[in-house]
Amino acid sequence: HNKHEVDSLQKYKLFLIGFGFFWIFAWCIFGSILGAQINTLNTTAVTSSELMLWQRTLLRSAHAHMNSMGITTILIGLSISHIRGMFPDNKIKIILLFNLISIPIFGFGIILEAFFPNTIGRLSLISAVSAIGGVFYILTMAIWASLFIFSAMKKNG
């Protein structure tokens, strides 16, 4: 392989990694909008069977979110070496820290929401904290995607 082919492949590799994180980010936004829509539909009194259905739905959601967040954590770890040196290490570490803090806040928040649902028309502290964790996670996905896309654009002009 000549140097140009290797650099060209590296550019595609960086772009694909960035696109993957962007795709996850986009679907996080979609899930957030869907979750907000579901919350606005919950305007009638909740019977115990409806509460159990709500708990099951939230717990399944927590399970799915935590699996995908675990996968993205692995991907972030595997992809650090590709952007190291292109951006200051301390900025990368801050992004990683926010990501690692956001995941358990969001996950435990969803689980707590299942057992302590919002009162109709009011946002509980648990939901607010969970939302903050979700927002920080989504932002770290967007930032991570942009680092790779920016790196891909920077390679060989």
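The values are calculated or read from the model by the stated rules, or taken from the named source; none is laboratory data. Just so we're clear, the structure is a prediction, and the values are computed from it rather than from any experiment. So basically every Cβ, Gly included, is an ideal-geometry build from the backbone, and we count neighbours across all protein chains shown. The protein model used for the area step is the full one, side chains on, heavy atoms only, and it has no ligands, DNA or RNA in it. Shrake-Rupley method; radii C 1.70, N 1.55, O 1.52, S 1.80 Å.
Summary of computed values
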{"read-out": "Whichever residue in segment 109-146 is over 19 Å from Ile29 (Cα atoms) and assigned to a helix (DSSP H, G or I) and, among such residues, is least open to solvent (accessible area, probe 1.4 Å)", "value": "Ala114"}
{"read-out": "Hits in segment 93-121 - residues which are more than 16 Å from Met66 (Cα to Cα), modelled with pLDDT of 85 or more and among the aliphatic types (A, V, I, L, M)", "value": "Ile94, Ile95, Leu96, Leu97"}
{"read-out": "Residue check, Ala26 at pLDDT 65 or above and closer than 30 Å to Arg84 by Cβ", "value": "yes"}
{"read-out": "In segment 92-108, residue farthest from Ile33 (Cα to Cα) [restricted to those that are open to solvent by 80 Å² or more (accessible area, probe 1.4 Å) and of a type in the set (A, V, I, L, M)]", "value": "Ile94"}
{"read-out": "Any chance Phe87 is open to solvent by 70 Å² or more (accessible area, probe 1.4 Å) and farther than 14 Å from Ala62 by Cβ", "value": "no"}
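Residue by residue, here is whether (1) modelled with pLDDT of 65 or more; (2) open to solvent by less than 70 Å² (accessible area, probe 1.4 Å); (3) not in a helix (DSSP H, G or I) holds:
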{"site": "Asp7", "(1), (2), (3)": "yes, yes, no"}
{"site": "Gln10", "(1), (2), (3)": "yes, yes, no"}
{"site": "Leu16", "(1), (2), (3)": "yes, no, no"}
{"site": "Phe22", "(1), (2), (3)": "yes, no, no"}
{"site": "Leu34", "(1), (2), (3)": "yes, no, no"}
{"site": "Thr40", "(1), (2), (3)": "no, no, no"}
{"site": "Trp54", "(1), (2), (3)": "yes, yes, no"}
{"site": "His65", "(1), (2), (3)": "yes, yes, no"}
